[in-house]
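Notes to accompany the following structure.
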Amino acid sequence: MRIKSLTQNSLKNLTLLYVEDEAFIRQNAVEYLSRICDNVLEASNGLEALEVYKKHKPNIIISDINMPKMNGLEFAEKIRKTDKETPIILATAHTETHYLLKAVELQLVKYIVKPITSAKLQEALALSVDYLTVKSKNIVKINTYTLYDMFNKTLLIHDEIIKLTKNEQLLLHLLSKHHERAITYEEIESNIWAYEGMSMDALRSLVRMLRKKLGGNFIENVSGIGYRLIKS
């Protein structure tokens with residue numbers, strides 16, 4: 001059975017953070033999660049959870065929404081300011097549309113409606129593991145400190161998200177997706193300047209600005225062909 005395999009293998013070496021202000025619910029959930037994961041952390045509110053997150057950087061976060069001091073949505077918003085990758089699962093008794101819209105905005109893996117059951121936790125954790133598996137295949141390591149996440153289309157340098165313009169992101173995504181070869185001028189034009197046409201001056205300017213944001217000469221010009229991403 002897929003869930004059984006998941007709980008016995010995939011989660012064992014991951015770190016989970018469970019956040020819930022009601023002690024009885026939290027204790028039961030942590031006890032259950034500890035059977036399938038060796039590293040389970042807990043917190044009773046968003047502020048406490050934020051400190052635990054900063055210290056331990058858990059692989060998966062499960063949090064209640066309605067909590068004192070800092071609720072689950074506020075906690076998730078804090079995380080998403082610098083971390084677009086960690087799977088976050090939110091649990092609540094509410095099913096109002098604005099909660100669901102907020103869940104989409106925060107790129108949540110799952111939105112669990114209470115009461116929380118083992119089956120609901122298993123489903124959410126299975127989705128989280130799937131996400132982490134896909135993410136690992138979509139991370140292009142440019143150098144030790146520079147990564148491009150193709151799933152979230154995000155450039156990270158020293159764990160900080162680097163803001164890119166639309167064309168910078170399109171070019172970096174294209175180079176990362178085909179990092180094993182050079183991208184031709186024709187491919188670049190069709191992906192970035194499909195309608196208005198590409199000038200070489202515009203392309204050189206775009207490459208220059210992207211190199212600057214990457215913090216190094218990681219984009220090589222291949223004479224007569226185009227550009228390729230250089231990883232070190």
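The values are calculated or read from the model by the stated rules, or taken from the named source; none is laboratory data. Predicted, not measured: the structure shown is a model, and the values here were computed from it. We place every Cβ from the backbone using ideal geometry, glycine too, and count neighbours over all the protein chains shown. Please note that ligands, DNA and RNA were not included when accessible areas were found on the heavy atoms of the full protein model with its side chains. Shrake-Rupley method; radii C 1.70, N 1.55, O 1.52, S 1.80 Å.
Quick look at the numbers
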quantity: Area accessible to solvent at residue 173, 1.4 Å probe radius, in Å²; calculated: 50
quantity: The chain pair-distance distribution - Cα-Cα, 5 Å bins, rounded %; calculated: 1, 6, 13, 16, 15, 12, 10, 9, 8, 6, 3, 1, 0, 0
quantity: In segment 156-199, trypsin sites (Lys or Arg not before Pro) in a DSSP loop with at most 13 other beta-carbon atoms within 10 Å; calculated: 163, 181
quantity: Of the DSSP H helices in the chain, those whose Cα atoms cover at least 27 Å axially and whose Kyte score averages -1.0 or more; calculated: 118-137
quantity: Accessible area in square angstrom per residue, segment 6-63, 1.4 angstrom probe; calculated: 49
quantity: With every protein chain in place, the chain: carbon and sulfur % of accessible area (1.4 Å); calculated: 51
quantity: Cα centroid separation, segment 197-224 to segment 32-50 (Å); calculated: 45
